[in-house]
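Taking it in order: structure first as C-alpha cells, then the write-up.
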2 protein chains.
Amino acid sequence: MSLPRQLDAVSLVDQVKSGTLRVQDIAESLIERIDARDADVRAWAWFDRQLLRDRAELLDEVPIKGPLHGVPIGIKDVISTYDMPTAHNTPRYQHSRTGIDAACVDTLRAAGALIAGKTVTTEFAATLRGGLTRNPLALGHTPGGSSSGSAAAVADWQATLGLGTQTGGSTIRPASFCGVFGWKPTWSSISREGLKMSSTTLDTLGLYARSARDLMLLADVFAIERPERPAPVTLEGVRIALCHTPHWSKALPATQQAMADATALLRAAGAVVTELVLPDTFETIARSHFVIARREGRASFLNEYRTTPKLHDDFKATVENRAGLTVAETRAAYRHADQCRAIFDDLASAYDIVLAPSATGEAPAGQDQTGDASFNSLWTLLQVPVVNVPGLVGAGGLPVGLSLVGRRYDDRKVIALAELAGALFAQNAAIDARQMA
Amino acid sequence: MSLPRQLDAVSLVDQVKSGTLRVQDIAESLIERIDARDADVRAWAWFDRQLLRDRAELLDEVPIKGPLHGVPIGIKDVISTYDMPTAHNTPRYQHSRTGIDAACVDTLRAAGALIAGKTVTTEFAATLRGGLTRNPLALGHTPGGSSSGSAAAVADWQATLGLGTQTGGSTIRPASFCGVFGWKPTWSSISREGLKMSSTTLDTLGLYARSARDLMLLADVFAIERPERPAPVTLEGVRIALCHTPHWSKALPATQQAMADATALLRAAGAVVTELVLPDTFETIARSHFVIARREGRASFLNEYRTTPKLHDDFKATVENRAGLTVAETRAAYRHADQCRAIFDDLASAYDIVLAPSATGEAPAGQDQTGDASFNSLWTLLQVPVVNVPGLVGAGGLPVGLSLVGRRYDDRKVIALAELAGALFAQNAAIDARQMA
C-alpha cells in the first residue's frame with residue numbers, strides 16, 4: 001500500500017474527499033521524507049515544518065475548497081508567496097517577502113492546495129550555474145535547472161506537484177533528468193504575474209507531476225480551454241511527427257536510443273510516426289532565441305544592475321550588452337521568431353503531435369552546470385505547449401525523457417497523448433528491468 | 001520666472017546639480033499645486049505630503065544619485081511601490097502593500113527620482129470605465145484612461161514625469177487628451193515586472209513628460225539602445241508616412257484637421273510626407289487585438305475570479321470567455337499578429353517615421369468612459385514604439401495629439417522626431433492663439 005507522499009494528486013484528493021486521508025497525514029508523510037532526504041537532495045530553499053502543519057490543520061478544518069484540496073506543491077523560489085520569502089537565490093533578496101502571492105499561487109491556494117515550501121532555483125532562474133540541489137536518482141548528478149528543486153522534490157516524493165519556470169529549458173530538462181512529467185504550457189495561457197521576469201517573449205510558468213492525469217487536473221485548475229474535438233484515447237492512428245531538430249548532432253547515445261525506442265514502441269501501438277524535418281530557417285532559431293533572451297534580459301536586470309554593485313557578472317554582461325547586439329540584429333531576431341511561429345503552426349497542423357528530444361542525454365555528473373538547453377529553447381521561442389514524458393531509461397540507469405510538442409493552445413491534447421505515451425514507456429521500462437534482473 | 005513645478009526634468013536636474021534649487025523646494029512647489037488642484041483634478045489615488053517632504057529632505061542630504069535627482073514622478077496605481085500601497089482601484093487590494101518596488105520604480109529611485117505618489121488608474125488598468133480623475137484643461141471632460149491620473153498630473157504641474165501603462169491605448173490617448181508627451185516604448189524594452197499584468201503580448205509601460213527631451217532623459221535612464229545612425233536634427237528631408245489606419249472613419253473633425261494641419265506644417269518644414277495605406281490584412285487587426293487581449297486577460301484575471309466573489313462583471317465575463325473565443329480563432333489571431341508585425345516592419349523601413357492619429361478627437365465630455373482606443377491598439381499589438389506629440393488644439397480648445405510611430409527598437413529616433421514635430425506644433429498653436437486674440 002502506498003504512502004500518502006507516493007500518491008499522485010488525483011488519488012490524494014479522492015482520499016481526502018472520501019475522508020480516508022487527512023491533509024495532516026499527507027503533511028506528516030512529506031515531512032518524514034524531507035527529514036530523511038533533504039541533506040542529500042537539497043531541493044528546498046525554504047521549508048518550515050510548523051507552517052506546513054498549521055496550514056494542513058487549517059485545510060482539515062474547512063470544507064473541500066477545490067480540486068487540489070490538501071495537495072502539497074513545491075514553489076520555485078522565483079515565484080512570490082505571501083507567507084514565505086522569495087529569495088531568487090541571490091543576495092539582494094535573501095530575506096525578501098513580497099507579502100503577496102503570485103497569481104498562479106493565488107489560484108492554487110483557492111483550489112485548496114497546500115503550499116509546501118520554496119524550491120531551489122538557479123540565480124534569478126536565469127543562469128546555467130547550478131544551485132545546491134542534487135539529482136535524487138543519482139546524487140552525484142545534476143537534477144537539471146533552473147527549476148532544480150521542484151523537479152527533484154516531485155521525483156523524490158518530497159512534494160506531489162511542483163511549479164517551475166522556463167525561459168530556455170528550465171522546466172523540461174529537469175523533468176527529463178529526474179524522470180517526471182513536466183509541462184511547459186502555451187505561452188501566456190497561465191499568468192506569469194509574480195514570477196521573476198527574465199524575458200517577456202520566453203518566460204513561461206512550468207508544472208511538474210508524477211502522472212499525466214495530474215497535469216490534466218492542473219489544466220482544469222488553470223482553466224485551459226478544451227479542444228474543439230476530443231483528445232485521442234488510444235495511440236492507434238495517431239499521427240506523430242518525429243522531429244530531431246537542427247540540434248540533433250548534440251544528441252548523445254542515450255537520447256538517440258530513446259528516440260529510436262520510442263518510435264518503435266509508438267508504431268507497435270498503432271501510431272503513424274513519420275519524420276518531420278524543419279526548414280532551413282530553423283537552423284538559426286537558437287541564435288534568435290539567444291538575441292531575444294539577451295535583449296529582454298537587459299531590460300529585466302537593469303534595476304538589479306543599478307542597485308547592486310556585487311551583482312554576478314553574468315547579469316552585468318547582459319545589461320552591458322557585452323555580446324554587442326545591434327538594433328538591426330535584434331529586430332531581425334524578432335522577425336525570425338514571428339516567421340518561425342507561423343511556419344511551425346502550418347507544419348504541425350498535419351500531425352496530432354510532434355515528438356522531440358527533451359535533453360541531450362541522461363543527467364550529467366556534477367552540480368556546477370545544469371545541462372544543455374538546445375533541445376528546449378526552440379519550443380520556448382515558438383511559444384508552443386510541451387510535455388516531458390518520462391519512462392525511458394538510458395544505459396547509465398538514469399531517465400531520458402522525450403518531449404511531446406503541440407500547436408499553440410493544444411495543451412490538453414498534448415497532455416492526453418503524454419498520458420498514453422507515458423504508459424507505453426513505463427511498461428517498456430518495467431519489461432527491460434525484468435529482463436535485466 | 002518659472003516655478004519649480006513648471007520646469008521639465010532636464011531643467012530641474014540642472015538646477016539641483018548647480019545648487020540653485022533644493023529638492024525640498026521642488027516638493028513644496030508641488031504640494032502647493034496639489035493642495036490647490038486635487039479637489040478638482042483628482043489625479044492622486046494615494047499621496048502623502050509628509051512622506052514626500054521626508055524623501056525630498058533625504059535627497060538633499062546625499063550626493064547626486066543619478067540623472068533624475070529630485071525629479072517628482074507620479075506612479076500609476078497598478079505599479080508596485082515599496083513604500084506606498086498598490087490598490088489597482090479595486091476592492092481586494094485597497095490597502096495592499098507589496099513591500100517591493102516594480103523594476104521600473106527601482107530603476108527610477110536608483111537614478112535619484114522623487115516618487116511623488118500613486119496616480120489614479122481605471123480598475124486593474126483594464127477597463128474603459130472611468131476613474132475619478134478629470135481633465136485638468138476642462139474639468140467636465142475625461143482625461144482619458146486607463147493612465148488617467150499620471151497624464152493629468154503631468155499636464156497640471158502636479159508631477160514632472162508620470163508612469164502609466166498601455167494594453168490598448170492607455171498611455172497615448174490620455175497624453176493626447178491632456179496635451180502632454182506620452183511614450184509607449186517598444187514592447188519588452190523596459191521591464192514590466194511589478195506591473196499588474198493584463199496581457200503579456202500587449203502590456204507596455206508608459207511614460208509621460210512635458211518635453212520630448214525629458215523622454216530622451218528617460219531613454220537614458222532605461223538604457224534604451226542608441227541607433228546605428230544618429231537621429232535627424234532637422235525635419236528637412238525626413239520621410240514621413242502619413243497613416244490614417246483602417247479606423248479612419250472614426251476620426252472626428254478635430255483629428256481630421258490635426259492630421260491635415262500637421263501634414264502642411266511638416267511639409268513647410270521640409271519633410272517629405274506621403275500617404276501609407278496599410279494592406280487589407282490590417283483591417284482585422286482590431287479583432288486580433290481583441291481576441292488576444294481577451295484570451296490573455298482570462299489568464300491574468302483567473303486568480304481574481306477564483307478568490308473574489310464581488311469581482312466586477314467585466315472581469316468575470318473575460319475569465320468565463322463569454323465572447324466564446326475558440327482555440328482556432330485564438331491561434332489565428334496570434335498568427336495574424338505575427339504576420340502583421342513582419343509586414344509593418346517592411347513597410348516602415350521605407351520611411352523615417354509614421355504619423356498617425358492618437359485619438360478620435362478632443363477629450364469627450366464626462367468621466368464615465370475614457371474614450372476610444374481604435375487608433376492606439378494596432379500599434380500596441382505590433383509592439384512598436386509610439387510617442388504622442390502635443391501642441392495642436394481642436395476647435396473646442398482642447399488638445400489633439402498625434403502619434404509618431406517607429407520600427408521596433410527605434411525609440412530614440414521617434415523621440416528625436418517628436419521633439420522636432422513638437423516644437424513645430426507648439427509654434428503653430430502659439431501663432432493661432434495670437435491670431436485668435
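On a full-extension model of 0.36 nm per residue, what is the gain between A:Thr274 and A:Glu320, subtracting their alpha-carbon distance, rounded to one decimal in nm?
Working: separation 46, 0.36 × 46 = 16.56 nm, distance 4.50 nm.
Working it through step by step, the gained length comes to 12.1 nm.
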Legend entry - the stretch B:120-276, Cα convex hull volume normalised per residue, Å³: 147 Å³
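If I take every Cα pair under 8 Å that is 6 or more residues apart in chain B, average their sequence separation and divide by the length, what percent do I get for the relative contact order?
Averaging sequence separation for qualifying contacts and normalising by length gives 18 percent for chain B.
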Inset, instruction - Quick one: Debye curve from the alpha-carbon atoms of the stretch A:208-264 only, equal weights, vacuum; give me log10 I(q)/I(0) at q = 0.17, 0.25, 0.27 Å⁻¹ to two decimals. - result: -0.90, -1.03, -1.06
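For Cα pairs less than 8 Å apart in space and 6+ apart in sequence, what is the mean separation divided by the residue count of the stretch A:120-175, i.e. the relative contact order in percent?
32 percent
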Inset, instruction - Work out how far the C-alpha atoms of the stretch B:1-107 reach from end to end along every principal axis, then list the three figures in whole Å, largest first. - result: 45, 31, 21
Legend entry - Assigned charges on the beta-carbon of Lys, Arg, Asp, Glu; the protein assembly as shown dipole about Cα centre (debye): 100 debye
Inset, instruction - Average the reciprocal distances over every distinct pair of alpha-carbons in the protein assembly as shown, invert the result, and give the Kirkwood radius in Å. - result: 27.9 Å
Inset, instruction - Would you be so kind as to identify all helices of chain A, as entire DSSP H runs, whose Cα atoms reach 27 Å or more along the helix's own axis and whose mean Kyte-Doolittle hydropathy is at least -0.5? - result: A:327-348, A:411-436
Inset, instruction - Run the dipole for chain A about the Cα centre, Lys and Arg Cβ at +1, Asp and Glu Cβ at -1, nothing else charged, and hand back the magnitude in debye, nearest 20. - result: 660 debye
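Using just the alpha carbons, could you tell me how many Å³ per residue the convex hull of chain A encloses?
Once divided by residue count, the hull of chain A is 135 Å³.
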Inset, instruction - For the stretch B:165-264, give the percent of accessible area contributed by carbon and sulfur heavy atoms, probe 1.4 Å, rounded to a whole number. - result: 55 percent
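Give the calculated FRET efficiency between A:Asp220 and B:Thr284 to the nearest 0.05, with a Förster radius of 45 Å applied to their Cβ-Cβ distance.
For A:Asp220 and B:Thr284, the calculated efficiency is 0.90.
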Inset, instruction - Go ahead and estimate [θ] at 222 nm for chain B from helices alone: -39,500 (n - 2.57) per DSSP H run with n ≥ 4, summed, over the residue count, rounded to 500. - result: -13000 deg cm²/dmol
Inset, instruction - With unit charges on the beta carbon (Lys/Arg positive, Asp/Glu negative), name the residue among A:Thr281, A:Phe222, A:Thr255 whose Cα is farthest towards the positive pole of the charge dipole of the stretch A:200-285. - result: A:Thr255
Inset, instruction - May I ask for the Rg/Rh ratio of the stretch B:158-227, computed from Cα atoms with Rh as the Kirkwood radius, given to two decimals? - result: 0.95
Legend entry - For the stretch A:138-188: Kirkwood Rh in Å [reciprocal of mean 1/r, alpha carbons]: 10.7 Å
Legend entry - Antiparallel %, DSSP beta bridges [both residues in chain A], to 5: 65 percent
Legend entry - Selected from B:Asp346, B:Asp101, B:Asp25 as most flexible by GNM, with chain B as the system and alpha-carbon contacts under 10 Å: B:Asp346
Legend entry - Cross-link reach list, lysines versus B:Lys184, counting only Cα pairs under 25 Å and skipping chain neighbours closer than eight places: A:Lys196, B:Lys76, B:Lys118, B:Lys196, B:Lys250, B:Lys413
Legend entry - Ascending list, in nanometres, of distances separating the A:Leu58 label from those of the other copies (7 Å, Cα toward Cβ): 3.2
Legend entry - Positive-end extreme of charge dipole, the protein assembly as shown - chosen from A:Leu265, A:Pro174, A:Leu108 (charges on Cβ): A:Leu265
Legend entry - Within 10 Å of each Cβ in B:216-229, the average number of Cβ atoms from other chains: 2
Inset, instruction - Please report the relative contact order for the stretch B:1-134, taking Cα pairs under 8 Å with a sequence separation of at least 6, and give it as a percent rounded to a whole number. - result: 28 percent
Legend entry - Test item: Cα-centred dipole of the stretch A:60-187, Lys/Arg +1 and Asp/Glu -1 on Cβ, debye: 380 debye
Inset, instruction - Would you work out which of A:Ala348, A:Gln367, A:Gly396 lies farthest towards the positive end of the dipole of the stretch A:319-425? Charges go on Cβ: Lys and Arg +1, Asp and Glu -1. - result: A:Ala348
Legend entry - Accessible area that becomes buried as A packs against B, both chains, 1.4 Å probe, Å², nearest 100: 4900 Å²
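The values are calculated or read from the model by the stated rules, or taken from the named source; none is laboratory data. The structure presented is a predicted model; accordingly, all values stated were derived computationally and were not measured. No Cβ is skipped: glycine too gets one built from the backbone with ideal geometry, and neighbour counts run over all protein chains shown. Note: areas computed on protein heavy atoms with side chains; ligands, DNA, RNA excluded. Shrake-Rupley method; radii C 1.70, N 1.55, O 1.52, S 1.80 Å.
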